[in-house]
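What follows is one structure encoded as structure tokens, with my remarks underneath.
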Amino acid sequence: TITESGFVKSRFIDDKGSVAALMGLLEIFNRENIIPNYTTKIFISTYEEVGHGASYIPKDITEMIAVDMGCIGDDLSCTEYDVSICAKDSGGPYDYNMVTKLIDLAKNNDIKYAVDIYPMYGSDVGAALRGGNDIRG
């Protein structure tokens, strides 16, 4: 459902929005003949919500970014208009260099963003780390 104010309202919107964002990225890569500087694999977990979706990933993956929702609330910096960059969640801090690179990308491209900590949240990056994968995430 699209609300009168232009927002999309749906169940499981974080998962649907994440998939739509990734598909949009692939469309841009294809349309503009963009080849990423790094080998890039996009996979969609069907068990992210229960915490073990990316516990297995191919061994050649060395870095991982989870695309998910961004929370808003009284104790958070993010608004519904920002890209949310999660620095730490219930599993601990994310890779400092990767978080810094995401912040720099947002700054250099005039993307409104906020860095937050989500103590009650987990991601597929956390699942991959708990699964014993040697990655930066």
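Restricted to region 90-122, and to residues there that are farther than 12 Å from GLY70 by Cα and among the charged types (D, E, K, R), the residue that is surrounded by the most Cβ atoms within 10 Å (Cβ to Cβ) is ASP95. Here VAL8 meets each of (1) surrounded by 10 or more Cβ atoms within 10 Å (Cβ to Cβ); (2) under 27 Å from ASP95 (Cβ atoms); (3) aliphatic (A, V, I, L, M) with one exception, condition (2). Just to verify a result, which residue in region 40-57, among those that are β-branched (Val, Ile, Thr) and touching a residue at least 12 places away in the same chain (Cβ under 8 Å), is nearest to ASP134 (Cα to Cα)? Only one residue tops the list, namely ILE57. For region 66-89, residues that are surrounded by 18 or more Cβ atoms within 10 Å (Cβ to Cβ) and within 11 Å of the chain's Cα centre (by Cα) total 6.
When ILE28, ILE72, ILE34 are checked against the criterion of being touching a Cys at 6+ places or on another chain (Cβ under 6 Å), of a type outside the set (Ser, Thr, Tyr) and without any contact (Cβ under 8 Å) to a residue 12 or more places away in the chain, ILE72 stands alone in meeting it.
Taken over region 34-56, the residue count meeting the criterion of being over 16 Å from the mean Cα position of the chain (by Cα), at pLDDT 90 or above and of a type in the set (A, V, I, L, M, F, W, C) is 2. Each residue in region 13-72 was checked for being part of a helix (DSSP H, G or I), of a type in the set (A, V, I, L, M, F, W, C) and more than 21 Å from ASP89 (Cα to Cα), and 9 of them qualify. For region 1-12, residues that are hydrophobic (A, V, I, L, M, F, W, C) and assigned to a loop (DSSP other than H, G, I, E, B) total 2. Criterion first (loosely packed, with under 10 Cβ neighbours inside 10 Å, farther than 30 Å from SER5 by Cα, out of contact with any Cys (no Cβ under 8 Å at 6 or more places or on another chain) and not small (Gly, Ala, Ser)) does LYS59 satisfy it? Yes; evaluated as a whole, the condition is true for this residue. So, THR79, is that one among the hydroxyl-bearing types (Ser, Thr, Tyr) and either touching a helix residue (DSSP H, G or I) at 6+ places or on another chain (Cβ under 6 Å) or not in a loop (DSSP other than H, G, I, E, B) (or both) or not? When the stated conditions are applied, THR79 does not pass them. All but one of (1) among the hydrophobic types (A, V, I, L, M, F, W, C); (2) free of Cβ contacts under 8 Å to residues at least 24 places away in the same chain; (3) more than 29 Å from ARG130 (Cβ to Cβ) hold for PHE7, so report the exception by its number. That leaves (2) as the condition not met.
The values are calculated or read from the model by the stated rules, or taken from the named source; none is laboratory data. Quantities reported herein were computed from a predicted structural model and do not represent experimental measurements. Quick reminder, even Gly has a Cβ in these numbers, built from the backbone with ideal geometry, and neighbours come from all protein chains shown.
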